[in-house]
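Have a look at the structure below before the remarks.
The values are calculated or read from the model by the stated rules, or taken from the named source; none is laboratory data. Given the structure is predicted, the values throughout are model-derived calculations rather than measurements. Ideal geometry is used to build each Cβ from the backbone, glycine not excepted, and the neighbour counts take in all protein chains shown. The protein model used for the area step is the full one, side chains on, heavy atoms only, and it has no ligands, DNA or RNA in it. Shrake-Rupley method; radii C 1.70, N 1.55, O 1.52, S 1.80 Å.
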Amino acid sequence: MSVAVVFDSAGTLLRTYRVARDILHDEMLTEVETTTITFGSDARVLVVLHLHSRDVMEAPEDQCLSEFFLEQSIGFGVACSRRVIPAEEVGNLLYNDEHARIGDLQACIRQVWSCCKKESIVTMNSGVILNMEIPGIEFTVTTGGRPFEGAKEAISELHRMGVPAYIASGDRVAKLERMGDYLGIPRERVYGVATPSMKARIVEDLKEQYDNVVMVGDAINDLNAFRKADLAVLTEQQSDRKPPVLYASVDRVIHNVSEVPGIVAELLTDTAATGKSATI
């Protein structure tokens, strides 16, 4: 019987520090869940930007972000949204916004740097949350993180068991591949800029290759993938403040990513005993 495990990244494999700057209210929000902010309105879209922090920090703080994006040919990916919004509409709004300034994103980057400067940051991403009704950039966001203690060992244990590990995340592919290198997950098993629907599709596709697919995640953008998985595992390692719908949609709740190999071992044992696929 074959099993594969799909992990979200931020909050699941990575202890992540997230900040957002509320452009409309000129307010900095710390220790936030960017997906929760995004899902607070069906007009919001979380967009991951393909840029380097140092380039942002070197730009004039009063420059429009949209102007900077165009000058630097900055690409983007849609990380999550409550409804399907065409990429053309997202791009049109992103590249023509007149609200956000470089200084808004610089403030987010500085905040993350100041918090994580003593850590070995494996991933650092920046983006924006667009509001299609404003219309314009409502928040600038930056996240920084490092693998949870025990994450690398958990992946190694799964591989020793013959169980492949995958990453499906809304973060940038390049950042995720470097994290995969550190954790020992081959780059061909890393899927970046994955929206909630894309995560669910990844799980569905893997179910055609494996008898059982386990999804491990921590946030509302993992909900669709949880519902498609043979076994859904919610982790509270980053935070135990989760929407009730997540608890109602999973099979197991864990407090540490190091618990995953044991859960998979139980699944393998139960399946061997019954002679067919099983959930626990």
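Ordered from highest to lowest accessible area with the whole protein assembly present and a 1.4 Å probe, Val32, Val245 read as Val245, Val32.
Charge tally for Asp104 (other residues, Cβ to Cβ under 12 Å; Lys, Arg +1; Asp, Glu -1): -4. Ordered from largest to smallest accessible area (heavy atoms of protein chains, 1.4 Å probe), the residues Phe39, Phe7 come out as Phe39, Phe7. A 1.4 Å probe, protein heavy atoms only, puts the accessible area of Ser73 near 100 Å². Excluding ligands, DNA and RNA, the accessible surface per residue across the chain is 43 Å² with a 1.4 Å probe. In the assembled protein chains, Tyr191 presents an accessible area of approximately 90 Å² (probe radius 1.4 Å). In loop segments of region 169-230 as defined by DSSP, the GluC sites (Glu not before Pro) with at most 10 further C-beta atoms inside 10 Å of their C-beta are Glu208.
When Glu71, Glu138 are compared by accessible surface with a 1.4 Å probe, the order from highest to lowest is Glu71, Glu138.
Comparing Pro135, Pro186, Pro243 in a Gaussian network model of the chain (Cα springs below 10 Å), the most mobile by mean-square fluctuation is Pro243. Please give me the summed charge of the neighbours of Ser249: other residues whose Cβ is under 11 Å from its Cβ, Lys and Arg +1, Asp and Glu -1. It works out to a net charge of +1. Coupling constants for region 192-197 follow from the phi torsions by the Karplus curve (6.51 cos²θ - 1.76 cosθ + 1.60, θ = phi - 60°), and in residue order they are x, 6, 9, 6, x, 5 Hz; glycine and proline get x.
Taking amide H as placed 1.01 Å from N in the peptide plane, the amide H of Gly11 sits under 5 Å from that of Thr16, each at least 5 places away or on another chain. By accessible area, using a 1.4 Å probe on protein heavy atoms only, region 17-146 has 45% of its surface on carbon and sulfur.
With an a/c value of 1.5 or above and a/b larger than b/c for the gyration tensor axes a ≥ b ≥ c computed over the alpha-carbon atoms, the chain is described as prolate. Relative to the dominant Cα principal axis of the chain, helix 173-183 is inclined by about 40°.
Among Ala154, Ala168, Ala59, determine the one that fluctuates most according to a GNM of the chain built with springs between C-alpha atoms less than 10 Å apart. Sorting by GNM fluctuation, first place goes to Ala59. In this structure Arg178 has an accessible area near 110 Å², from a 1.4 Å probe over the protein heavy atoms.
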